[in-house]
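The values are calculated or read from the model by the stated rules, or taken from the named source; none is laboratory data. As the structure is a computational prediction, the values presented were derived from the model and not from experiment. Note that each Cβ is placed from the backbone with ideal geometry, even for glycine, and that neighbours are counted across all protein chains shown. Each accessible area value is taken on the protein alone, full model and side chains, heavy atoms only, with ligands, DNA and RNA left out. Shrake-Rupley method; radii C 1.70, N 1.55, O 1.52, S 1.80 Å.
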Amino acid sequence: MTQKSKVINLYKTLLHLGKDYPKGADYFRTRLRMAFEKNRGESDPDKIDKMIAHGNFIFTMAVCVAVIGKDNSPKYIKCTDETNALQFHYKVHTSIDIVEEKLNIGNKTAVDVRELFLGMLYSTEEYKIFGYATNTKVKFIIVLQSSNATLRDNEVRMMFRKLHVAYANAVSDPFYIPEDQIQSKSFDATVMDIMGLLSDEQKA
């Protein structure tokens, strides 16, 4: 497939996925068109490949992120579509049993404790649910859309690593009460970034 074909295919795919964007399909379509127009004159093949790779990374944006405490109580849950928050909460809670099962199997088989990424917990027709557990038994759950056919474990691992660092910073705050709900603005910003909801101005 030529680079031009890859760019066209990427644009069509993003346009299709943008129909369910939280801020509306029109908002997404306008921003998408601006982004492609901005780079229309680029002729360097290497730079074009990098931009295509970045565009493919957008497919992995999360639709729900949750932090579950070691006592299995939710410490933080955020979804891109709050109108469907209930179904995402159900998926998160369903994931807890699977996470516990994986952790117990890991203990029996002496799996390397440094491997925190638990992989895909389960999938539905619409979503793929991934898990991650810290050494202190705090669980992170990320829900992604199943429409992404190019999903790579490394990209999901990157999300969890970013989430883990933000979590560590949040609970290290001297004003944070252990086992309490996470209400850190910086942690919230990291989650928003993982969901693709931060504007370029907010990231700066």
Next on the checklist: Need the full-extension length gain, K50 to K185, defined as separation in residues times 0.36 nm minus the C-alpha distance. One decimal, nm.
Outcome noted: 45.5 nm
Checklist outcome for this item: Residues whose modelled amide H sits under 5 Å from the amide H of K75, counting only those 5 or more places away in sequence or on another chain, are V67, I68, G69
Checklist entry - When only the heavy atoms of the protein chains count and the probe is 1.4 Å, how do F187, F36 rank by accessible area, highest first? => result F36, F187
Item to check | Listed peptides 155-167, 174-186, 72-84, 115-127 by packing density, highest first (mean Cβ within 10 Å) | outcome: 155-167, 72-84, 115-127, 174-186
Checklist entry - Each residue of the stretch 67-72 in turn: what ³J(HN,Hα) in whole Hz from Karplus with 6.51, -1.76, 1.60 and θ = phi - 60°, glycine and Pro shown as x? => result 10, 10, x, 5, 8, 6
Checklist outcome for this item: Between K128 and residues 5 or more places away or on another chain, the pairs with built amide H atoms under 5 Å apart involve L144, Q145, S146
